[in-house]
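Asker: Okay, here's the structure, questions in a sec.
The values are calculated or read from the model by the stated rules, or taken from the named source; none is laboratory data. All values reported here derive from a predicted model rather than from experimental measurement. Here Cβ is always computed from backbone atoms with ideal geometry, including for glycine, and neighbour counts include all displayed protein chains.
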Amino acid sequence: MTAPAPAAAPATLTIAEAAERFGLTPRTLRFWEYSELIEALPRQKGGSRFYGPDQVARIARIVRLRRMRFSLSDILDLLKLEAAGDDGAPAAARLRMLKARAAAIEAEIEDLTRARHLVGEERFALHQAGAADDAPADPRPVLIEGEAHAWPA
């Protein structure tokens, strides 16, 4: 006996269905329409908007770029560059934007790592002062090169 074929994705999605599929709110999709990230769709009879496969793919692309922490303005620029093609100046501009985003993410990681270590130092100081904590036996954070530390050697 063969398994039933998976249900095909609907040809169109309402704004509520699209929002649910991508973990967004309808308000977010309306804002993206207003910001020209996605096509502003006319309302059908009954007042509903329907997104077709192209719009759903574009929403998925925007969600992916947001996960990369691009701003909406940068996403709009990237989408315009993607529409221009994958060679020449548009591709080079996209690559520059991706490299800049990667560098910004690395800087954020470094900042968060420092913040985590500062929190560890504070926890260690409280632990040393006798505060109840679930800290491990040696809760000292790893020293970041060039950073001063508060714990005894």
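To keep it simple, each residue is scored yes or no on (1) surrounded by 14 or more Cβ atoms within 10 Å (Cβ to Cβ); (2) under 18 Å from the mean Cα position of the chain (by Cα); (3) among the hydroxyl-bearing types (Ser, Thr, Tyr).
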position	(1), (2), (3)
42	no, no, no
46	no, no, no
62	yes, yes, no
67	no, yes, no
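Asker: Which of (1) more than 25 Å from residue 105 (Cβ to Cβ); (2) part of a loop (DSSP other than H, G, I, E, B) is the odd one out, the single condition residue 55 does not satisfy?
Answerer: (2)
Let's see how each residue does on (1) under 19 Å from the mean Cα position of the chain (by Cα); (2) closer than 28 Å to residue 35 by Cα; (3) modelled with pLDDT under 85; (4) outside the structural domain of residue 24 (by TED's automatic domain parsing):
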site	(1), (2), (3), (4)
88	no, yes, no, yes
111	yes, no, no, yes
117	no, no, no, yes
122	no, no, no, yes
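Asker: Could you grab me the full set of residues in region 9-57 that are without any contact (Cβ under 8 Å) to a residue 24 or more places away in the chain and β-branched (Val, Ile, Thr)?
Answerer: Passing the criteria: 25, 28.
Asker: Return yes or no: is residue 83 touching a Pro at 6+ places or on another chain (Cβ under 7 Å) and assigned to a helix (DSSP H, G or I)?
Answerer: Answer is no for this residue.
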